[in-house]
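S.K.: Before anything else, here's the structure in question.
The values are calculated or read from the model by the stated rules, or taken from the named source; none is laboratory data. Here the structure is a predicted model, which means the values were calculated and not measured. Here the Cβ positions follow ideal geometry from the backbone for every residue, glycine too, while neighbour counts run over all protein chains shown. We work out accessible area using only protein heavy atoms, side chains counted, and drop any ligands, DNA or RNA first. Shrake-Rupley method; radii C 1.70, N 1.55, O 1.52, S 1.80 Å.
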Amino acid sequence: MSGFLVRRLGQSLVLLVLVSMVGFAILHLAPGGPMSQFASGSDMTQEDLDRIAEQLGLNRPLPVQYAEWFWRMLQGDWGRSFRDGEAVLNVIGSHLGATLQLMLTATLLAILLGVAIGTLSAIRRHSVFDTLATVGAMIALSIPTFWFGLVAIYLFSVWLGWLPSGNRSTPGDGSLPDLLRHLILPAMVLALVETAIWSRFMRSSMLDVVNQDYIRTARAKGVPEGRILLRHAFRNAALPMITVLGLQLPTLLGGALVTETVFTWPGMGRLFLDSISYRDYPVVMGILMFSATLVLLGSLLADLLHAVADPRIRLG
Amino acid sequence: MSDAPILDVRNLSVRFRTEGGEVPAVNELSFTLGRGETLAVVGESGSGKSVTSLALMRLLPKDAAVAVTGQALLEGRDLLSIPEAEMRRLRGGAISMVFQEPMTSLNPTTPIGEQVAEAVRLHRGMDGRAAREEAVRLLDLVGIPAARQRLDDYPHHLSGGMRQRVMIAMALSCDPSVLIADEPTTALDVTIQAQILDLLRRLQERTGMAMVFITHNLGVVAEIADRVLVMYGGRAVEQAPLRPLFSRPLMPYTAGLLRSVPRMELAGRRAGPLPAIPGNVPDPRHMPPGCVFHPRCGHHQPGRCDAAAPVLEPADEAREVRCLRWRELAA
Amino acid sequence: MSLTITRPLAAPAFRRFRRHRLAAFGAATILLLTLGCFLGPFLLPFDDTTIDIMNRFAPPLSGVHVLGTDELGRDMLARLMMGGRVSLMVGFTAMAIGMAVGILVGAVAGFHGGWLGAALMRFVDAVLCFPSIFLLLALAALVSPGLLSIIILIGATSWMDVARIVEGQVKSLRERDFAVAAEVLGASDARIIVHELVPNAVAPIVVAATLNVARAILLESYVSFLGYGIQPPVPSWGNMLNNAQIYLTSAPWLAILPGLAITLAVTSFNFLGDGLRDALDPRMRAR
């Protein structure tokens, strides 16, 4: 375990440095680099720009700039928003809750549905249900999330009038039922792709397991079929699913961004788009780095969880 | 072994329907097993011996792809036709099985104690605590040291030999009257093999169970069997008590198998490699006409052995052989 | 002895039939969509840019405009076809760029191994940490939006999977005998890559390419929907949806039709890719 832990942590650290380099490179890809926001204001002379560049340390060699930037990031100084001068981490922090709420709800929904569909698909392989689930998952993975959101809004808000079409709560209300009513549609939309992913992974994991020797052993012991599936097969098939949590995190974050846009959900995704349209680069960069770090830590955490849950890795 | 057999298999046939057509895996196989007796089923890979054992346990896939016909009477009940629920109660109870692969045959995410106790709870209706105690007793019985401390160990903590002991403990947990052991020692080191064989023999003496021991290793057969059934191409080709079979094999195939076994007393005299039987086991989709063994047989007569299929006929009161020429060859 | 039981007769036949049918459906749809989008506009009496203020928001099947008109009275079918041209073109070209980069990076990493290979593959891992839509939008916001830039950007953010596939293939093939033999015989690196390794890696690459077209079409629609992709008046399936949300109540077909087109196209490429995987690469065969 400790060997695995050290190796996995080391990998993550290397990756974190590489991720930061990619981020830094993107920052400097902008026309005019980090100076572009000043250059766009035409009332500045070249002298002014040079002076600002020197103040910001932008005339020093790139590796030095990178090292300083990375060091500041590590200390939690991610710069300030151009819009209101707020620290980037604070801006992200104030939007994170809404995004996490949406992602967690959707993931929970997707795990419940996806694991159930995948298990049933595997047990009844090649049945009508399995065929429908396979084709359905492929279609679900092909539907643009934002469009599914629009269709859902049209159906449930415009046409049926059951659910609100956007926002996290009704202004002035904010009671729990109100919050839940606002959560249903976006969570459902975000969960669609996730459910498809989970059901595919679960199906193939379950199929791997039901052909294992120990399942035959359980049968030879006279264990009832239902108990074999639930007690012996399901548990072994569900274990590697923990790592899927980490694997699909980039997809989940991307889906959340789009879903938040359609449902005017006040989360990180909307913040990202707003910041892009305001050319608020520090926040854009901050969210980019934050989401990559989140993905990195998420997959690390998923692997560690898997290691804790799987007796073979625990002491292996 | 004069009284009624505990297991009476009659005309067992197993056919697989595949994309390439119907494949007969086991063909009209009949044998009996007396109480406390050990029958070794011997043959090369693909002879149908493992399919036979899985068919008896009804562990072959339950769908249109597999057709099992015939009877297998376990104390009068036909294992092949009783309802699935009844079969499930027998499986792991009156008839149980040990598999070849100890490394993969145990559930990797369940402690071994729980895996043994599960069978006890299912078949003997013990509660959790009593089943756990029983698991300790069984693990102790199969020679797992400090069994009580190992209950919560996972399979990967154990060596292959220890895992096979756990498998045996599981199989014996409900006092089966018949134990089917499918190559239980093949995957193990030679020294461990001997220990496991010894364990099975001791347990058999103690419980009086009968054993169907499936193996391709004649050395193991000599160690454990009372009687031997030789299979080739899904058919029984010779059946005899151990001693006569080893001293005077009637079927050329059996003789070939015996010649390919290294023997201590010959080691000094014979130079060169052991004579293996030339050729390969036949493809079950394209069985040779006549005697299925004739393409590999050193005694085959063109026009005779490749024309008429021999039947399994009694050679004396205890032996059966399937060969057109056995009388001539024996003379 | 291990027992191999061939699967039931009916199941794989049914499965292959089903797979085959889906892949055939995908291929046929792709062909029809491509033909329709590129030839259709010549047959249609309407132009996708002609504004007809008198005929705004005509619902589908209500008059001369088969699929209705949009907020400026432009014919929806014509716009869908022209948008389809753009979306399909982005899909194919972005895929080609992504494949080229991915194959290059993967081949170099797999062939040289060592520190260079390791560094390249860790770089791939790092880029994969960024959710592709975030990366794409951040990049798209930095450049002036347009057809060419969106193609390049989508290509630049979807080469990592291919690089991984190619690296794995090349690495495993390199260790096989024939590559070693060729090396001993003094064949140059380039020769080995072209003559020995590439033909063997073709199957998974073709599959990845097909799936990447689907992905590129989807990404284009996301970015254009959010306003940072193809810019009006040039229509694409994605940017046609950009305004549609406002008219969701009064003219839902503006939102539904382009979305259906995207879903149909993406699903077709995914079906085709899945079928190709079954047919070309037995090791990856789905059960």
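S.K.: Restricting to the stretch A:69-89, what's the tally of residues that are open to solvent by 70 Å² or more (accessible area, probe 1.4 Å) and over 23 Å from the mean Cα position of the chain (by Cα)?
M.R.: Within the stretch A:69-89, residues that are open to solvent by 70 Å² or more (accessible area, probe 1.4 Å) and over 23 Å from the mean Cα position of the chain (by Cα) number 9.
S.K.: OK, next. Report the residue count in the stretch A:181-215 for those that are among the polar types (S, T, N, Q), open to solvent by 10 Å² or more (accessible area, probe 1.4 Å) and touching a helix residue (DSSP H, G or I) at 6+ places or on another chain (Cβ under 9 Å).
M.R.: Here the count works out to 4.
S.K.: Give all pairs with beta carbons closer than 7 Å in which a residue from the stretch C:223-241 that is under 13 Å from C:GLY259 (Cβ atoms) meets a residue that is assigned to a helix (DSSP H, G or I) and charged (D, E, K, R); count only pairs at least 6 apart in sequence or on separate chains.
M.R.: Partner pairs satisfying both residue conditions: C:SER236/C:GLU220; C:GLY238/C:GLU220; C:MET240/C:ARG79.
S.K.: Being crowded, with 24+ Cβ neighbours inside 10 Å, under 17 Å from A:TRP147 (Cβ atoms) and of a type outside the set (Gly, Ala, Ser) is the filter; apply it to the stretch A:263-278 and report the residue that is farthest from the other protein chains (Cβ to nearest Cβ).
M.R.: My answer is A:TRP265.
S.K.: Any residue at all in the stretch C:68-87 that is buried (at least 22 other Cβ atoms within 10 Å of the Cβ) and of a type in the set (Ser, Thr, Tyr)?
M.R.: yes
S.K.: Pairs under 8 Å by beta carbon, first residue on the phi < 0 side of the Ramachandran plot in the stretch A:219-243, partner among the polar types (S, T, N, Q) and open to solvent by 40 Å² or more (accessible area, probe 1.4 Å), six or more apart or different chains?
M.R.: A:ASN236/A:GLN212
S.K.: Hey, can you tell me all the residues within the stretch A:279-308 that are more than 10 Å from chain C (Cβ to nearest Cβ), modelled with pLDDT under 85 and open to solvent by 10 Å² or more (accessible area, probe 1.4 Å)?
M.R.: Of everything in the stretch A:279-308, those that are more than 10 Å from chain C (Cβ to nearest Cβ), modelled with pLDDT under 85 and open to solvent by 10 Å² or more (accessible area, probe 1.4 Å) turn out to be A:PRO282, A:VAL308.
S.K.: Contact list please: Cβ distance under 8 Å, first residue in the stretch A:70-81 and part of a helix (DSSP H, G or I), second residue among the aromatic types (Phe, Trp, Tyr), pairs at least six apart or on different chains.
M.R.: A:PHE70/A:PHE24; A:ARG72/A:TRP78
S.K.: Right, here's the next one. Could you check the stretch B:6-42 and list, in sequence order, the residues that are open to solvent by 40 Å² or more (accessible area, probe 1.4 Å) and free of Cβ contacts under 8 Å to residues at least 60 places away in the same chain?
M.R.: B:ARG15, B:ARG17, B:GLU19, B:GLU22, B:THR32
S.K.: Having 1 or more residues that are farther than 29 Å from A:SER169 by Cα and within 12 Å of chain B (Cβ to nearest Cβ) is the bar; report the helices (runs of 4 or more DSSP H) wholly within the stretch A:181-256 that clear it.
M.R.: In the stretch A:181-256, the matching helices (runs of 4 or more DSSP H) lie at A:213-220, A:235-238.
S.K.: Checking A:LEU109 against (1) open to solvent by less than 30 Å² (accessible area, probe 1.4 Å); (2) assigned to a helix (DSSP H, G or I), which test does it fail?
M.R.: It fails just one condition, (1).
S.K.: Something else now. Check C:ILE30 against each of (1) open to solvent by less than 60 Å² (accessible area, probe 1.4 Å); (2) at pLDDT below 80 and name the one condition it does not meet.
M.R.: Among (1) open to solvent by less than 60 Å² (accessible area, probe 1.4 Å); (2) at pLDDT below 80, C:ILE30 violates only (2).
S.K.: For the stretch B:43-126, please list each of the helices (runs of 4 or more DSSP H) lying entirely inside it that holds at least 2 residues being away from chain C (no Cβ under 14 Å) and either open to solvent by less than 50 Å² (accessible area, probe 1.4 Å) or touching a Leu at 6+ places or on another chain (Cβ under 7 Å) (or both).
M.R.: It comes to B:84-90, B:112-124.
S.K.: Is it true that C:SER144 is under 28 Å from A:GLY267 (Cα atoms), of a type in the set (Ser, Thr, Tyr), surrounded by fewer than 19 Cβ atoms within 10 Å (Cβ to Cβ) and at pLDDT below 90?
M.R.: Here the answer is yes, as C:SER144 does meet what is asked.
S.K.: Given the conditions (1) at the interface with another protein chain (Cβ under 7 Å from one of its Cβ atoms); (2) open to solvent by 10 Å² or more (accessible area, probe 1.4 Å), report the number of the one that A:PRO311 does not fulfil.
M.R.: Among (1) at the interface with another protein chain (Cβ under 7 Å from one of its Cβ atoms); (2) open to solvent by 10 Å² or more (accessible area, probe 1.4 Å), A:PRO311 violates only (2).
S.K.: Name every residue in the stretch C:138-156 that is over 18 Å from the mean Cα position of the chain (by Cα) and touching a residue at least 40 places away in the same chain (Cβ under 8 Å), in order of residue number.
M.R.: Across the stretch C:138-156, the qualifying residues are C:ALA140, C:ALA141, C:PRO145, C:GLY146.
S.K.: How many residues does the stretch A:133-180 contain that are assigned to a helix (DSSP H, G or I), open to solvent by 40 Å² or more (accessible area, probe 1.4 Å) and more than 14 Å from chain C (Cβ to nearest Cβ)?
M.R.: 4
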